[in-house]
Amino acid sequence: MGDSLGSCAYTRWRTMADEITNRLDGCTSPYLLQHASNPVSWQPWDEEAIELAKKLDRPLLVSIGYAACHWCHVMEHESFNDELTAKQMNESLVCIKVDREESPDVDALYMAACQICSGSGGWPLNVFVDPGTLKPFFAGTYFPPVQRYNKPSWGQLIESVVQAWQEQREQIINSSELITEQIQKSSIGKGSSQDVEALIKESILAGLSHSKRVYDPVNGGIGGAPKFPHPMEMEGLLRAGEGDIVSHSLDVMATRGLFDHLAGGWHRYCVDTEWAVPHFEKMLYDNALMLAVHEKARRLGIGSQNDRVVGLTLEWIRNEMLDPSGGVWSTLDADSVGEDGKSEEGEFYLWTPEQAEDTVACERFGITEKGNFENSGRSVLSLHEVSDLDDDEGLRIHLLKKRSERARPGTDDKVLTAWNGMLLVACADLPEDDAKSIGQHICKEFLSRKGVLRTRRGETLGGPGFLDDYAWAALGLLRWGIRWDDKECLHRSREITSQLLKIFADPSGGFWMTSADHTELPVRQRSVSDSAVPGATAVVVELLRTLLLLWPDHSQADEWRGSAEKAVISAGDDLVARAGGHWALICAAQGLVELGQVWFIHHSGNEPVEVENLRRTSAWNQLVVSSCEPMSGKDRGEAEWRGWLCEGMTCRLATMDASALTWS
């Protein structure tokens, strides 16, 4: 503490340090509550924790994860539940736990630091931060309890960090400044000298070249292990006419280990190139995006598994993920308790022939004596042809009932606005009855409050929404309102859009990830490139181009187009240089430069049966607006219905001929 510190001050600070306790039991995040019983004196991300670190002159450890994260559980078990390790952490750091799903701004900033420090990222994300500036000076992911994997032990790392903090403070500050400067530079779009049309045309060609180059012609999908489903890339390939690549990829992913063949739903990714063994967590966002891309493929007659995986996944969401008050929960954990009483990854999903008790089920779902999971003699399910088997539904139900007797993985029962909006967009396009009931349940959540929140859990409301929350909520309500002629949803969507443009738009172009109501961090970030989900900027551009398609002569049309085009231009030549990481924005911006079509149908209360065929055959830039109320001067008069096919601000003559209800 130094010779100049008075003994009273030292005693007070020492007492303060001794009295630090774990404060997570007052949180609502399931991830934070998982750590509430750790001997580590975890703090939530708040001013109290930051001020404490300043007063104690200690570095902050900001440890970030999410409830379904397997390696987060591993590090908790190995290090954060260990008394000696916890003592070392408590005596030298102020330790903060962050749920990345509740605080995406904190996660994005420090993940960028991790990628600068280590060249890669992931969760758990452990970042050492100067509490005076909140600037990171070292970041990494998982660290083992003993030195291995060419990594120091967690204890060794803490010792080194604390020693450097005490003895090399100037170098640490310089390091934090350099890291933050690099993050700042990367967050500013380079811009482009091209106009939007030229930029998007070049970006599409670059994206196709990239995707075709890294496509796996043997096992389908994009890239090597670990292998993610890349739904945004699949959509870009679909639009470009690369149906063979998409059909192969979707069918392989739908028949191997990535998909839960019993209850439905996709796991997060696979650890191998053959899609045999997944990381078993189920994330709502993956399932929303995969539902959407399978529906787009189904409309084009591409793929053989669309009906099965869409139906099962909707059934899983309906049966297991609906919040009683409205909306859909976030994730299912990768880990669950096995017969030996230990919590292990994949326990809920793995099978031996003895557990299956049915030889035909074993043949159909790939359950073998050898197994395919980590030399355990247990199998991850996959689909296989069985001679003389016409229907496997009885086999599926048999295994599903047996699996229901096992300890179930934990559920993260937060209702996240962005992910619910994502699912609402998918449900608006799906013809299944379950999609309608799920969509109505999400609308119940969205329409029940005036503001846009990040999360809700039970009766506890989370903080203000981020850019992706506003964008997905507005887009979801817009698409739902169009599909079901719901005026309340359409009105709320336009309200949220106006708020979004006011709160998040950067006058120089593009959109900020955060509002003024969020924590002020060293860098105000944008969300442009894709991760496992589309960058939020892409969702805004998709929202604005859809509004323009519907209402090209609206009083705000110039603002919508200007904001969207400036966002694309501000992303700049990165769209070409890193096209594979910007597929969502490229696809959204395509709608700004390629003229779309809208069929407006005004009916007396019963739309013509041919209208549903219009919906089922519509392409990405075609919409059907069917309403019992007049729209923009389009009135059926005394007729049962009239229809108008419009492109931009040009509409063809009205028709009352049902055979004319086709796309030209």
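Summary of computed values
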| read-out | value |
| --- | --- |
| Top-ranked residue in region 393-446 [being among the polar types (S, T, N, Q) and out of contact with any Asp or Glu (no Cβ under 9 Å at 6 or more places or on another chain); ranked as least open to solvent (accessible area, probe 1.4 Å)] | Ser437 |
| Test: residue in region 544-564 that is crowded, with 20+ Cβ neighbours inside 10 Å, aliphatic (A, V, I, L, M), within 17 Å of the chain's Cα centre (by Cα) and at pLDDT 95 or above | no |
| Scan of region 173-182 for residues that are closer than 23 Å to Asp107 by Cβ and out of contact with any Pro (no Cβ under 8 Å at 6 or more places or on another chain), ordered by number | Ser175, Glu177, Leu178, Glu181, Gln182 |
| Wholly enclosed helices (runs of 4 or more DSSP H) of region 206-314 bearing at least 1 residues open to solvent by 30 Å² or more (accessible area, probe 1.4 Å), touching a Cys at 6+ places or on another chain (Cβ under 7 Å) and over 28 Å from Arg396 (Cα atoms) | 231-239 |
| Subset of region 85-97 that is outside any helix (DSSP H, G or I) and without any contact (Cβ under 8 Å) to a residue 60 or more places away in the chain - its residue that is nearest to the chain's Cα centre (by Cα) | Ile96 |
| Matching residues in region 139-169 - criterion: being under 24 Å from Leu109 (Cα atoms) and part of a helix (DSSP H, G or I) | Trp154, Leu157, Ile158, Ser160, Val161, Val162, Ala164, Trp165, Arg169 |
| Matching entry among Gly591, Gly572, Gly580 (being within 26 Å of Met234 (Cβ to Cβ) and touching a Ser or Thr at 6+ places or on another chain (Cβ under 6 Å)) | Gly572 |
| Test: residue in region 68-85 that is closer than 16 Å to Leu521 by Cα and either aliphatic (A, V, I, L, M) or open to solvent by less than 10 Å² (accessible area, probe 1.4 Å) (or both) | no |
| Residue satisfying condition, being touching a residue at least 60 places away in the same chain (Cβ under 8 Å) and open to solvent by less than 10 Å² (accessible area, probe 1.4 Å), within set Gly476, Gly465, Gly509 | Gly509 |
| Tally of residues being among the β-branched types (Val, Ile, Thr) and under 20 Å from Gly633 (Cβ atoms) across region 595-610 | 2 |
| Residue tally, condition touching a Phe, Trp or Tyr at 6+ places or on another chain (Cβ under 8 Å) and at positive phi, over region 86-129 | 1 |
| Tally of residues being in a strand (DSSP E or B), open to solvent by 20 Å² or more (accessible area, probe 1.4 Å) and polar (S, T, N, Q) across region 609-664 | 3 |
| Qualifying residue in region 180-192 (condition: β-branched (Val, Ile, Thr), within 24 Å of the chain's Cα centre (by Cα) and buried (at least 18 other Cβ atoms within 10 Å of the Cβ)) | yes |
| Selection from region 502-520 of residues that are of a type in the set (A, V, I, L, M, F, W, C) and at pLDDT 95 or above | Ile503, Phe504, Ala505, Phe511, Trp512, Met513 |
| Filtered residues of region 193-205 (kept if open to solvent by less than 20 Å² (accessible area, probe 1.4 Å) and among the β-branched types (Val, Ile, Thr)) | Val196, Ile200 |
| Number of positions in region 413-458 that are more than 16 Å from Arg479 (Cβ to Cβ) and free of Cβ contacts under 8 Å to residues at least 24 places away in the same chain | 4 |
| Any chance Lys54 is assigned to a helix (DSSP H, G or I), open to solvent by 20 Å² or more (accessible area, probe 1.4 Å), within 30 Å of Lys185 (Cβ to Cβ) and not hydrophobic (A, V, I, L, M, F, W, C) | yes |
| Selection count where residues are open to solvent by less than 10 Å² (accessible area, probe 1.4 Å) and either assigned to a loop (DSSP other than H, G, I, E, B) or within 17 Å of Ala428 (Cα to Cα) (or both), scope region 324-348 | 6 |
| Number of positions in region 586-608 that are open to solvent by less than 10 Å² (accessible area, probe 1.4 Å), of a type in the set (A, V, I, L, M) and more than 27 Å from the chain's Cα centre (by Cα) | 2 |
| Cβ pairs under 7 Å, 6+ apart, first in region 168-179 and charged (D, E, K, R), second open to solvent by less than 80 Å² (accessible area, probe 1.4 Å) | Glu177/Lys135 |
| Residues located in region 402-433, provided they are within 14 Å of the chain's Cα centre (by Cα) and of a type in the set (S, T, N, Q) | Thr417, Asn420 |
| Test: residue in region 149-162 that is closer than 30 Å to Trp329 by Cα, at pLDDT below 95 and open to solvent by 70 Å² or more (accessible area, probe 1.4 Å) | no |
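This table checks each residue for (1) part of a loop (DSSP other than H, G, I, E, B); (2) farther than 30 Å from Thr497 by Cβ.
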position: Thr368; (1), (2): yes, yes
position: His384; (1), (2): yes, yes
position: Ala428; (1), (2): no, no
position: Arg449; (1), (2): yes, no
position: Arg456; (1), (2): no, no
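Residue by residue, here is whether (1) of a type outside the set (D, E, K, R); (2) not in a loop (DSSP other than H, G, I, E, B) holds:
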site	(1), (2)
Leu389	yes, no
Arg396	no, yes
Asn420	yes, yes
Leu423	yes, yes
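The values are calculated or read from the model by the stated rules, or taken from the named source; none is laboratory data. What you see is a predicted model; the values in this text were computed from it and never measured. Methodologically, a virtual Cβ is constructed for each residue, glycine included, from the backbone with ideal geometry; neighbour enumeration extends over all protein chains shown. These area figures cover heavy atoms from the full protein model, side chains too; ligands, DNA and RNA do not enter into them. Shrake-Rupley method; radii C 1.70, N 1.55, O 1.52, S 1.80 Å.
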